[in-house]
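Colleague: Please read through the structure below; I'll follow up with questions.
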Amino acid sequence: MGMHYQPVIGDWYETATGEAFEVVALDPDEGTLEIQYFDGAIEELDMETWLELELVAIEPPEDYSGSLDISREDYGMGTDDSVSMRFNGNPLDGFDFDR
């Protein structure tokens, strides 16, 4: 049986089936909480269900692309690791901040 954790917004957990999620909202008046899985799906749980889950506390993932539903190709990165994007100069140089 997993440990029983008090849900805290921002904490990450993994279920017995390997699904990673973050606690994103708590409603103590209603006795519910919302969790967001790595892929972006959101689920509302009541505290009774929360206490039945077999959980392991984990570190937040380094790669948040799962919840954004984007791939490396979507933002100009190929799958070939030998190819990298190079930026020349500051990307903010093109903005006019005086407006």
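Each value in this text was obtained by applying a stated rule to the coordinates, not by laboratory testing. Given the structure is predicted, the values throughout are model-derived calculations rather than measurements.
Colleague: Using each residue's phi in segment 6-16, evaluate 6.51 cos²θ - 1.76 cosθ + 1.60 at θ = phi - 60° and report the 3J(HN,Hα) Karplus result to the nearest Hz, with x for Gly and Pro.
Modeller: Result, ordered by residue: 6, x, 10, 4, x, 7, 10, 9, 10, 7, 4 Hz.
Colleague: Using each residue's phi in segment 25-38, evaluate 6.51 cos²θ - 1.76 cosθ + 1.60 at θ = phi - 60° and report the 3J(HN,Hα) Karplus result to the nearest Hz, with x for Gly and Pro.
Modeller: 7, 10, 10, x, 5, 8, x, 10, 9, 10, 10, 10, 6, 3
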